[in-house]
Amino acid sequence: MKEWMGKIRTLSLFSFLVIILSACGKDNLTALVPKGYGAEESFNVILISILVMIFVFIVVMAIYVYVIFKFRQRKGQENHIPKQTEGNKTLEVVWTVIPILLLIIIAVPTIASTYDLADESEKEDSINVNVQGMQFWWNFEYANEEIQTSQELYIPVNERVYLNMLSSDVIHSFWLPSISGKMDVNPDNENTMYIEAYEEGVYWGKCTEFCGDSHSLMDFKVVVVSQEEYDQWVEGMKNTDPEYTAESSTAQEGQEMFANSCISCHAIDASSSNPVVGPNLADFGNRTMVAGIKNYSKEAIVDWIMNPGEIKPGNGMLSAPYLQDNSMEEEDAEKIADFLMELKATDEPVDSVEQFKKDETENNN
Ligand code: HEC
Ligand SMILES: [Cu+2]
C-alpha cells in the first residue's frame, strides 16, 4: 500500500514537471530547430553523437539480454562453473577498438565543424559588428557603417556577419541558439564568430555566463530582414539626427525633460562616435521590446522610466539623478515615452518586426 502511494506521488511529480517544462520553449530560442549556419552545423554534430549513442545502447542491451538468458543457472547446474574468458586477447582488442572507431566517427565532423565555424577568411568582405556586452544589455556597432544600435541587431538574411565581441565589465556569453552557437564575451581579449541566418524573423539571444543580479534578463534580439530592408535601415540609421525635434506637443515637452534627465547617458542618433553609457535610442520607436525583456508598449516604457530597478535589479540606469531624488511624475514619464516612440530610423514597417509583435500579442492573449 505504502509503496503504491510513493509511486503515485513520483508519477504525479513527473507529470507536473512535464506540463510545466513543456511551456518553457520559445520559438526562435532553440538549438533543436536550426535556422542558421552555425546552428545547423551544431545540430548535425548533436545528431551524429545521438545516433552513435543509440547504436551503442541497442547493441549493449541486446548482448546483455542474450547473455542473461543464455547463461542463466539451470536446474541441476548449481555448482557448475562456466568457461572463463579472462585474458582473451581477441575480446580485449575488439572492445578497445570499437569505442575508438565510434569516437572517431564523432570526432571527425566535430573537429571539421569547429574549424569551419572559426573561419575568418571572409571577414574582410563581410559586415562586421563590434558587440559590447554590459551589465545587463548589449551594444552593437557596425564597423563599416559607423552606426551603432542597442539590444536589437539587424542583419540581412543569408549573409555572413562577423561579430567581434568584448565586454566592458565582467565576462558575459553571447548565445543565439536558433542561428549560431555560443561565444564568451571577455573584458580583454576579443572573440570573433560569424552568424548567418536562413530565414527572416526576430530571434532571441541570451547571456549565458552568470554576470550579476539581472543576468537572466540580459536578452537581446537579432532581427533578420531582407537585403533591401537592411539597406534601408542602415541608411535611416545614418540619417538619425541628434538635433531631432519632436512632432506632437506632448512629445516636445517630453523631449525637454529627456534633455535634462536622460541625454547624459542616452544618445538619440546612431552615430558610432556617441559614447556607450546607456543604450542608444536612435531607432527606439521600432523596437520589439523595452530593455530587451518587456513587450513593447507605451505602458512598458513608462513602467521602465518609473521603476527600472524593479524590472532589472542592479542595472546601470539606477544611478540616474531623477531616481535618486524621486523627481519623476508618471505623466512626465508618459510625455517622455511619447518622445521616445517618435524616434525611428525608417517609417517603413519592417516585416520581421511587425510579424514578431503580432505573434507576441497573440501569445499573450
Ligand atoms: C546613469 C545613466 C542613465 C540615465 C541618466 C538614464 N538612463 Fe536609461 N538606461 C541606462 C542604462 C545603463 C540602461 C540599460 C539597462 C539594462 O537594460 O541593463 C538604460 C535603459 C533605458 C531604456 C531601455 C532601452 C532599450 O534599449 O530597450 C530606456 C527606454 C531608457 N533607459 C530611458 C531613459 C530615460 C527616459 C531616462 C531619463 C528620464 C534615462 N533612461 C536616464 C542608463 C541611464
Ligand atoms: Cu551577462
### Query
Taking the mean number of other Cβ atoms within 10 Å as a proxy for protection, how do you rank 129-135, 162-168 from highest to lowest?
129-135, 162-168
### At R0 = 45 Å, FRET efficiency that the Cβ-Cβ distance of Leu102 and Phe14 yields, to 0.05
0.90
### Summary
If every Lys and Arg gets +1 and every Asp and Glu gets -1 at its Cβ, then about the Cα centre segment 249-364 yields a dipole, in debye to the nearest 20, of 440 debye
## Note on the structure
In the chain the DSSP beta bridges are antiparallel at a rate, in percent to nearest 5, of 70 percent
### Summary
Placing +1 on each Lys and Arg Cβ and -1 on each Asp and Glu Cβ in the chain, then taking the dipole about the Cα centre, the residue among Asn239, Asn164, Ala31 whose Cα reaches farthest towards the positive end is Ala31
### Task
Identify, among Asn274, Leu323, Ala333, the residue whose Cα sits farthest towards the positive end of the charge dipole of segment 249-364, taking +1 on the Cβ of Lys and Arg and -1 on the Cβ of Asp and Glu, with the dipole about the Cα centre.
Asn274
### Message
Name the residue from Val97, Ile54, Ser180 whose Cα lies farthest towards the positive end of the charge dipole of the chain, charges +1 on Cβ of Lys and Arg and -1 on Cβ of Asp and Glu.
### Response
Val97
### Message
Contact order normalised by length for segment 249-364, with contacts defined as Cα pairs under 8 Å and 6 or more residues apart; what percent is it?
### Response
38 percent
### Task
Taking the chain as the reference, fit the longest principal axis to its C-alpha atoms, fit the long axis of helix 249-261 to the helix C-alpha atoms, and give the angle between the two in degrees, 0 to 90, nearest 10.
70 degrees
### Message
With a cut-off of 8 Å between alpha carbons and a minimum separation of six or more residues, what is the relative contact order of the chain in percent?
### Response
16 percent
### Length added when fully stretched, Asp125-Glu146, from 0.36 nm per residue minus Cα-Cα
6.0 nm
### Query
What is the local net charge at Glu362, summed over the other residues whose Cβ is closer than 15 Å to its Cβ (Lys, Arg +1; Asp, Glu -1)?
-1
## Note on the structure
To the nearest 20 debye, the chain has a Cα-centred charge dipole, built from +1 on Lys and Arg Cβ and -1 on Asp and Glu Cβ, of 3860 debye
### Message
If the reach is capped at under 16 angstrom between alpha carbons, list the lysines near Lys335, excluding any in the same chain fewer than eight residues apart.
### Response
Lys298
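Computed from the coordinates by the stated procedures, all read-outs in this text should not be read as laboratory data. Everything numeric here is computed off the predicted structure, so don't read it as measured data. Virtual Cβ from ideal backbone geometry, glycine too; neighbours counted across all protein chains shown.
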